[in-house]
1. With both bridge residues required to lie in segment 3-138, what share of the DSSP beta bridges run antiparallel, to the nearest 5%?
2. So if we plug the beta-carbon distance of Ala224 and Met115 into 1/(1 + (r/R0)^6) with R0 = 25 Å, what FRET efficiency do we get, rounded to 0.05?
3. At Lys127 and Asn152, where each label point lies 7 Å from the Cα along Cα→Cβ, what is the point-to-point distance in nanometres?
4. List the trypsin sites (Lys or Arg not before Pro) within segment 111-192 that fall in a DSSP loop (any state other than H, G, I, E or B) and whose Cβ has at most 12 other Cβ atoms within 10 Å.
5. What full-extension length gain, to one decimal in nm, is calculated for Leu41 and Lys106 as 0.36 nm per residue of separation minus the Cα-Cα distance?
6. Calculate the FRET efficiency for Lys69 and Gln201 from the Cβ-Cβ distance with a Förster distance of 35 Å, rounded to the nearest 0.05.
7. Which net charge results when you count Lys and Arg as +1 and Asp and Glu as -1 among the other residues whose beta-carbon is under 15 Å from that of Asp46?
8. How much of the pair distance distribution for segment 52-135 lies past 22 Å, counting alpha-carbon pairs only, in percent?
Amino acid sequence: MDYVRIVDVSLCHEYYNGSSCGFKVTPSVETAEILKKEEALCRIYDGKVRIMAPVNAFVKETTLFFYIKASIAEIWNVTNFDGIAHDEFPVAVVCDNEVYFDGRKKDSMPELQRMFGVIFALELHIKPNDLLTCTVKIPTKKLRWCYCVSGNYAERDLQISDSLKTDDPVQFDCVEKSSRFSLYISRSEIPIVSGAPPRFQLKDSATSKVLVKSLPNANAKSIAKASLDDGTRAIVAECFVNP
């Protein structure tokens with residue numbers, strides 16, 4: 001029997017610089033039955049879904065549904081689905097080789113109630129004699145970064161300089177200062193990306209002398225709450241500096 005490739009979809013996370021690690025894909029019960037009926041071969045590995053089927057299979061438009069679990073705990077902390085309501089479940093819809101995220105009511109997916117660790121779902125719309133291929137990019141959180149400076153520099157007037165975007169640098173405000181530590185929080189949100197090169201430097205405000213050449217980047221374990229200069233509280237990515 002001759003087989004042809006009908007699906008070649010990869011999952012990747014922006015936090016891991018486009019790597020497909022951290023995902024485990026499980027077909028729904030209905031999808032498993034469809035694949036069996038069509039005598040299709042489904043290969044799921046390293047965040048990739050590849051389906052081979054006989055040339056005379058899938059003669060009409062078909063929808064396949066998969067549940068995506070997070071096999072790396074950090075993914076829960078850094079994933080952000082903008083536009084999905086808190087009472088809805090995110091579904092990555094792949095149609096005509098394009099991807100968009102849709103929010104679905106959880107009660108429309110009864111299987112979900114019996115599963116643990118599912119972070120989103122994948123819905124594939126297959127058309128006859130058409131290869132469905134694309135990469136589904138999972139967005140990472142963007143948070144305001146907070147640098148907590150302690151030690152000898154805690155009481156000094158400091159400046160955090162952006163070495164990556166010199167034309168439109170990220171600005172930081174000192175929101176708290178004491179003899180033990182000082183807090184500097186960015187005015188804008190910054191993506192959290194694992195392994196990204198350091199972009200910020202710590203300088204003396206009066207002399208512009210570089211005190212720390214490469215400040216640490218925020219990571220998935222650095223999410224915390226902090227008070228802003230207007231008295232409100234916000235979720236931030238917290239980094240500790242003790243020169």
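1. Among the beta bridges of segment 3-138, antiparallel pairing accounts for roughly 75 percent.
2. My answer for the efficiency is 0.25.
3. 6.7 nm
4. Sparse-neighbourhood loop trypsin sites (Lys or Arg not before Pro): Lys165, Arg180, Arg187.
5. 20.5 nm
6. 0.35
7. That works out to +4.
8. So the pairs more than 22 Å apart make up 34 percent of the total in segment 52-135.
Values in this text are rule-based calculations from the coordinates and carry no lab data. If you're wondering where the values come from, they're calculated on a predicted model, not measured in any experiment. Positions of Cβ are backbone-derived with ideal geometry, glycine not excepted, and every protein chain shown enters the neighbour counts.
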